[in-house]
Structures are given as structure tokens and as C-alpha cells.
1. Give the long-range amide H neighbours of ILE302: residues separated by 5 or more places, or on another chain, with amide H under 5 Å away, using H modelled in the peptide plane at 1.01 Å from N.
2. Under 5 Å between amide H atoms, partner at least 5 residues away or on a different chain: which partners does LEU311 have, H built in plane at 1.01 Å?
3. Which entries of LYS239/LYS324; LYS301/LYS324; LYS301/LYS400; LYS284/LYS366; LYS351/LYS377; LYS301/LYS377 show an alpha-carbon separation above 20 angstrom in the structure shown?
4. Once phi is turned into ³J(HN,Hα) by the Karplus curve 6.51 cos²θ - 1.76 cosθ + 1.60 with θ = phi - 60°, what whole-Hz value does each residue of the range 355-364 show in order, with x for glycine and proline?
5. Classify the range 283-407 as rounded, prolate or oblate from the Cα gyration tensor: take a ≥ b ≥ c as the square roots of its eigenvalues, call it rounded if a/c is under 1.5, otherwise prolate when a/b beats b/c and oblate if not.
6. Sort 243-249, 367-373 by the packing proxy (mean of other Cβ within 10 Å over each peptide's residues), most packed first.
7. What aspartates and glutamates sit close enough to LYS344 to cross-link, taking a C-alpha to C-alpha distance under 16 Å and skipping anything fewer than 8 places away on the same chain?
Amino acid sequence: MEYRQIFGNPSRLIVWVGLSMSVLLVVLEIIIGVQYSAVEPEIWQIGLLVASLVVLDILFLVELFSVRKYATRIVFYCVDFALLLIVCSLTGSTYISAIYCVILSQLYINVDSFRTKLTVFIASCVAFIVTSIIGWMITHGMSLTGEQIISIVSGCVVGLIILAVHFVVANFLISYHKNNLKLIDALREAEENKSRLEEAYRELSQTAVYEERNRIARDIHDNAGHSITAVIMQTEAAKLLIDSDPKEAKAKMVSANIQAKNALNQMRESVHLLAGRDSSVTLKDELQETIAGTMDGTDIKIRYDIDDVSLPYDKRRFMGNCLKELLANGMRHGGATAFYVELKSDGESVKLTVSDNGSGLPSDFKEGFGLKGIREKASSFGGGVFYESQEGEGVEVTVKINLNGEE
């Protein structure tokens, strides 16, 4: 069985120790009684001794099983020591120090204050010396020889040593027991905390996996989706021109091929991003490349005014993906053929504005996967997404992020 299972219940431990002490107390009382009877005491002395020992036993057991309040315990201990004074005064027994140890053991277990224990120990030592002297004098007479004085002093010294050793050992064992229980409880609590942390880590890992999946999906959607939209538009235009203007249709197909290769490169770039690789391309270069790729081989016209803004890689890539998504949405959903792109910074935030000549936002407009991802990411950067539109007259979308993180 574990230590906690055997000794972990303080009440049960006190009862078992108390019963053991009570048995030891009775044994010592019998030895003292036998020793005292050898000096042929008077009847009243025997009666007083027996009565004192019996009352001492009764109080010891009552205190063990019934008394719980601290103040009441102190009263019981005072009565115990008064009875010990009587016993010691009558007998002058060399075993009286052992009875003191038994009674004090019960007190040391039930009292938590070390100062109180030390005070009782000192008082017990004084009482032991006084009663030992009185008991010796009652037993051997008032006149003392030098040899008897030496015997009294040596008995007192031995008794004090016994009481001191008992005080140190008893309190060490009690302190060891309590600290051991605290250590066991702390270890159990640490194990429970460890289990909770492991569970929280598993949940956090699952959340990180979901976030990474969404990140991959948004990255592929924003990058490859834009290029594939351009490919679809160019191939559709080529289909319409293949009979009437084969040369132009061929040009459209060549442009679509270039856009398809661009989409593949962007897919690879996404993989590189997820692998932790960075790029030295500036935001202005990236936006201009996106604009040129969109106009190449199409009838789309894009004017722009782009400041050379320096951003961390994650924010720079986010703004680049925003432009691709907004251009693709304007062409695919709004039928836009002309755009105006503007990137400006006021030192605290950066704004990307994309306007088009498309059909505008419908009255029942709801953000799709791409726009919802842009809003969530912009919000994480301390910004947001703002729309201005009238149905049939185009739309203007502004994406704002803070330069210094969240607001």
C-alpha cells in the first residue's frame, strides 16, 4: 500500500498512535506501582497513587476520542500534568519521565504551533525537576546525604535528556510525516496539472492543424484562383475568336498558357511559404506583377497608384493576395473590365483600395470564402475590410491593416 493510504488519514493516525501510547502508559504505570509498593507506603498513599493513575488513563482516552477543540485539549493537558505531579511526588520513580513523554506525545501530535510545543516542553522540564526532588524527599526523608544529592541530580539530568530527545525526535517525525503528505499531495496535483496540460496541448494542436488547413486553402484560393480566373477568361475569349480571328485566338491561348504557368508557380510559392521560405520581392513589385499578369492577353484595363511601402513578409503577402482576390472577384462576379488600384500608407496603417466598373454588389450580398478570409486576416492585423457600391455602378473595396499589429 502507498504511504498516503496507510498514514494519509490524520484522524485515524492520531487514534492509532493514541491507543499505542495508552497501552504504553498502562505498562509504565504498572511498573511504577510495583516499584512504589516495595517501599511499603501507607494505604492513603497507595489509594491516591492508584486514583491519580486511573484518572490519568481516563482523561487520556477521553481526550483521544472525544475532545476536538484546541482550548479544551489544553485544559486536559493541564489536568494531566497536575496528576503527574502527584504521581511523581508520591513515588519519585525513575520511570516518571517516560510517562511525561507519553502525555507529551499526544500534545505534540494535536498542537500545530511549534512555539506552544516548546513552551509546554520547557514547563514540563521544570515540573519534572520539581516533582522529582519532592518525590525523592518524600520517599527517602528530608535529610539528604551528598551521595543522595548526586543521585537526585543525576536522575534529573537523565530525565531531562530523555524529555529533550523525545521532544526532538517526536517533532521531527511529526514534521516529516506532515511534509511527506504535503509532498505526496503536491506530486498528485502536479500529475493532475500535467494531464490537464497534455489535454490542452492536444486541443491546441488540433486547433493549429485546422488553422493551418484554412491558411493553406486561403493561400491557394487567393493565388492560384486569380490566375485560373484569367486563364478561363482568355480561353473563353479564344473560343469566340477561333473562327473569326484565328490569330487573335492564338494570342489568347498563348496568354492563357502563360497564366496557367503563372498559377503553377504561385502554387509552388504557396508550398515554399508553408515550408518557411521567404522572398525578397517588394510589395510594390508584387502588386505591379499581379496587375501586369491580369492585363496580359486580356481586354482588362488597370490603372494604379502604388506607394513603395515596406511591410513584414506575412503582411506583404496578405496585401498581394488581397489584390489578386479583389481583381478576380471583380472580373468573375461583377463582369468588370477596368480597375483602379491604390496602395497608400499614413505611417500607422496601410490601405489597399480596388475600384472597378462592374455591376456592383447585389442587395443580398454576402461575403464568400475569399472575402471572409480577407476580413478575418485583416482583423488579426488590427484593420478591416470596407465596401462602397451601388448596384450597376461598380464597387470599391478597401483593405486596411495596421503597421504595428493589433489595435
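1. Correct list: PHE339.
2. LEU283
3. Table pairs above 20 Å Cα-Cα are LYS239/LYS324; LYS301/LYS400; LYS284/LYS366; LYS301/LYS377.
4. Once θ is set to phi - 60°, the couplings for the range 355-364 become 10, 9, 9, x, 7, x, 7, x, 5, 9 Hz.
5. Since a/c reaches 1.5 but b/c is at least a/b, the shape of the range 283-407 is classed as oblate.
6. Going from most to least packed, we get 367-373, 243-249.
7. LYS344 reaches ASP285, GLU286, ASP305, ASP307, ASP308, GLU396.
Values quoted throughout were computed directly from the atomic coordinates according to the rules given, and no laboratory measurement underlies them. Note that the coordinates shown come from a computational prediction; the quantities given were computed from them, not determined experimentally. Cβ: placed from backbone, ideal geometry, glycine included. Neighbour counts: every protein chain shown.
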